[in-house]
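Novice: My questions will all concern the structure given below.
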Amino acid sequence: HLRTGNKMTGKLIRKNFFTISITGIITIAIIISFGLSSCKSLGDVSKILETYEVVRGDIVQTITTTGYVDSSEQDEYSPPISGKVLYTLSKGDVFKKGDVLIEVDKSKQELLIAQAEENLNLARNSLELAKISYKQALDANHIAIQLAKENARLSEQSVQNAFIALENANNMADKSKKSAEVALENAKKLLAEAKDDPLITDTQLAQYEANVDSAKASYDSAVAQSTSSAKSAEGSYNQALINQSTTYWSNLSSTQSAAGQIEVASKNIEQAEIQLRLSEINLELAKLDIGDSIIYAPYDGLVLSSSYKEGQYISPGVPAISIISNDFVIKADVNEVDVVNIEVGQNADISLDAYY
């Protein structure tokens, strides 16, 4: 690898081995023909002809081209967070893999992490409260159902008692009226018999008439009292029916309200769980940001450019530092006619203009 940016001239060498050079063959043939001709004319060839040993030689073919030197790695970095630059390399600085290229103040990110952790704790507490409310809603629903059953039973019992009381009142009224009616009829019968009896004195007759009046008054009183008792019992029965209906709707409202509270508590748990997940995500995002406050060198290299100095404020998205690797690559174009004469792994001679 060459660490420079100058142009180069390269010579690609290919070695081919032949048994004997063509030029040598032609030369030997000419010498032999000339010698033979001379010897024939002289009559003794063996005395003039010289003998040579055939040896292996090399024919060298050279391909020449021009190119340039390029870096194998080049990167540009911009911290994804904003803040004051605490440390940065400058243009031309040399660094090793793992060295700090640029560091940004992370106090803001630390505060964001603390805030995210507090929000996470609040979300956890909210979830616990939602679960407690859900359990309370279940208990309240159970109590509401039991109370509804008990209230329904009591209202039904009240209706039955009122109905029995109404029947008893009607029966008593009928008996009282019938008894008073019988007493009135007996008093009237006795009065009629007394009027027909010549032995009855006026005083006795007056007594019978008074008995009739008293029986009639008792009858009227019995009728009035029976009617009042029946109406009172009927009113109590009707009120019991109304109370039963009111109890039914009250129980229905209570149970529906309790069921609604369960649904609300269940939704609150779902919402608290979503809020908890969001808080966990926000915390992870805050931790990711704080990890991006320092950019480390991924390889050995050189700083091409640096846009900030220590103490300056950096914003996300703005290129901060550009670097290249110490590993360089020679790039050159080879003519397509010469490509067939080269192979991977062959040696190449490289010369740089800066060294001339």
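The values are calculated or read from the model by the stated rules, or taken from the named source; none is laboratory data. In this text, all values refer to a predicted model and were calculated from it rather than measured experimentally. Using ideal geometry, Cβ is built from the backbone for each residue, glycine included, and neighbour counts are taken over all protein chains shown. Calculation scope for accessible area: heavy atoms of the full protein, side chains included, ligands and nucleic acids excluded. Shrake-Rupley method; radii C 1.70, N 1.55, O 1.52, S 1.80 Å.
Novice: In terms of solvent-accessible area of protein heavy atoms at a 1.4 angstrom probe, what is the ranking of Thr51, Thr203, highest value first?
Specialist: Largest to smallest exposure gives the sequence Thr51, Thr203.
Novice: Given Cα pairs under 8 Å that are at least 6 residues apart, what percent is the relative contact order of the chain? Walk me through the numbers before you get to the answer.
Specialist: Numbers: 492 pairs, mean separation 143.8, N = 356.
Relative contact order here is 40 percent.
Novice: Starting at the first residue of the stretch 321-327, write each ³J(HN,Hα) from the Karplus equation 6.51 cos²θ - 1.76 cosθ + 1.60 with θ = phi - 60°, in whole Hz, x for Gly and Pro.
Specialist: Those phi angles translate into 8, 10, 9, 10, 7, 6, 8 Hz.
Novice: For Tyr77, tell me the accessible area in Å² from a 1.4 Å probe, rounded to the nearest 10.
Specialist: Tyr77 exposes around 60 Å² with every protein chain in place.
Novice: While we're on this one: Step through the residues of the stretch 271-279 one at a time and calculate ³J(HN,Hα) from phi using the Karplus curve (6.51 cos²θ - 1.76 cosθ + 1.60, θ = phi - 60°), rounding each to whole Hz and writing x for Gly and Pro.
Specialist: Residue by residue, the stretch 271-279 yields 5, 5, 5, 5, 5, 5, 5, 5, 5 Hz.
Novice: Under a 1.4 Å probe, what is the accessible area of the stretch 193-254 per residue, stated in Å²?
Specialist: I get 68 Å² per residue for this part.
Novice: Once the whole set of protein chains is in place, how much accessible area is left on Glu181, using a 1.4 Å probe, in Å² to the nearest 10?
Specialist: Accessible area of Glu181: about 90 Å².
Novice: Would you please give the residues with an amide H less than 5 Å from that of Leu101, counting only those at least 5 places away or on a separate chain, with H modeled from the backbone geometry?
Specialist: When sequence neighbours closer than 5 places are left aside, the close amide H contacts are Ile295, Tyr296, Ala297.
Novice: Scan (1) 62.6, 224; (2) 23.6, 80; (3) 22.1, 67 for the value of Rg and Dmax of the Cα atoms in Å calculated from this model and give just the label.
Specialist: (1)
Novice: Percent relative contact order of the stretch 129-218, based on C-alpha pairs within less than 8 angstrom and at least six residues apart?
Specialist: It rounds to 26 percent for the stretch 129-218.
Novice: Give the Kirkwood hydrodynamic radius (Å, one decimal) of the stretch 243-299, defined as one over the mean of 1/r across all pairs of different Cα atoms.
Specialist: This gives a value of 15.8 Å.
Novice: Express the carbon and sulfur contribution to the solvent-accessible surface of the stretch 144-254 as a percent, rounded to the nearest whole number, probe 1.4 angstrom.
Specialist: On the way: 3990 of 7510 Å².
Carbon-and-sulfur percentage of accessible area, whole number: 53.
Novice: Moving on. Can you give the net charge of the other residues whose Cβ lies under 14 Å from the Cβ of Asp202, counting K and R as +1 and D and E as -1?
Specialist: Value of the local net charge: -1.
Novice: Next question, about the same structure. List, in order, the whole-Hz ³J(HN,Hα) value for each residue of the stretch 51-67 obtained from phi through the Karplus relation with A = 6.51, B = -1.76, C = 1.60 and θ = phi - 60°; use x for Gly and Pro.
Specialist: 10, 10, 8, 6, 10, 7, x, 10, 10, 9, 10, 10, 10, 10, 8, 10, x
Novice: Mind listing the long-range amide H neighbours of Ser78? Cut-off is under 5 Å, sequence gap 5 or more, other chains count too, H placed in the peptide plane at 1.01 Å from N.
Specialist: Those qualifying (amide H under 5 Å, at least 5 residues apart or on another chain) are Ala320.
Novice: Then there's this: On a 0 to 90 degree scale, rounded to 10, what angle separates helix 22-42 from the longest Cα axis of the chain?
Specialist: That helix lies at roughly 20 degrees to the long axis.
Novice: Also: In square angstrom, what is the accessible area per residue of the stretch 307-356 with a 1.4 angstrom probe? Present the calculation step by step, with values, prior to reporting the outcome.
Specialist: Details: 3530 Å² over 50 residues.
Each residue of the stretch 307-356 exposes 71 Å² on average to a 1.4 Å probe.
Novice: Once you list every other residue whose beta carbon is under 12 Å from the beta carbon of Ser126, what net charge do they have if Lys and Arg are +1 and Asp and Glu are -1?
Specialist: So the environment of Ser126 carries a net charge of -1.
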